[in-house]
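Below you will find the structure I want to go over with you.
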Amino acid sequence: MKPLMVLRNLMLVSCLALAACQSAADEPVTFEQATIVAGGKSLSVEYAKTFEQRAQGLMFRKSLCDDCGMLFRFNPARMASMWMKNTFVPLDVAFIDGNGVITDIKPLEPHDLTSVGSSKAVEFALEMNQGWFAANNISVGDQIKINY
């Protein structure tokens, strides 16, 4: 009877562990806020600093307010790339080096699986509505102040 009880307990623990893993996987990814200053404008944007947050990004969003966006952090700095899997909103991405200088601004089209990359190692990427950088006279070489 004892071996049967051990087996039953082992199966019970395994089932509970599986349920806990599934529950954690179903929890929505949440984001902290970061403050950036770009083109003389101070904005609060969502901040994706963990692998899970960067993987989720702006996926499944149907809209984004005018001055809303997401800041991605890459630590250590690296050649970064973005794609638009499951992303409905057209975006522009600014790749930003460790000094806060914009190295590239590139358009991203909804659902495009093409990888769009930085031209050099960067520490940040800032996704905003498509056209936001141009509308705010922000271009490559400009500096963005980041507080997180």
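Report whether or not Asn99 is surrounded by fewer than 16 Cβ atoms within 10 Å (Cβ to Cβ) and more than 15 Å from the chain's Cα centre (by Cα). Lay out the reasoning, then the answer.
Numbers: surrounded by fewer than 16 Cβ atoms within 10 Å (Cβ to Cβ): yes; more than 15 Å from the chain's Cα centre (by Cα): yes.
Judged against the criteria, Asn99 is a match.
Can you work out which of the residues in segment 24-43 that are surrounded by 14 or more Cβ atoms within 10 Å (Cβ to Cβ) and modelled with pLDDT of 90 or more is nearest to Ala94 (Cα to Cα)?
Filtering first and then ranking leaves Ala38.
Please note which strands (runs of 3 or more DSSP E) are completely contained in segment 84-134 and include at least 1 residues that are over 18 Å from Ala34 (Cα atoms).
91-96, 102-108
Okay, moving on. Name the single residue, out of those in segment 107-118 being farther than 15 Å from Phe72 by Cα and either without any contact (Cβ under 8 Å) to a residue 24 or more places away in the chain or of a type in the set (Ser, Thr, Tyr) (or both), that is surrounded by the most Cβ atoms within 10 Å (Cβ to Cβ).
That would be Pro107.
Let me ask something additional. Checking the condition in contact with a helix residue (DSSP H, G or I) (Cβ under 7 Å, 6 or more places away or on another chain), hydrophobic (A, V, I, L, M, F, W, C) and free of Cβ contacts under 8 Å to residues at least 60 places away in the same chain, which residue from Ala94, Ala125, Ala134, Ala121 passes?
Every option except Ala94 fails the conditions.
State the number of residues belonging to segment 54-83 that are assigned to a strand (DSSP E or B) and either in contact with a Leu (Cβ under 7 Å, 6 or more places away or on another chain) or not hydrophobic (A, V, I, L, M, F, W, C) (or both).
9
The values are calculated or read from the model by the stated rules, or taken from the named source; none is laboratory data. Here the structure is a predicted model, which means the values were calculated and not measured. Cβ atoms come from the backbone with ideal geometry, glycine included; neighbour counts cover every protein chain shown.
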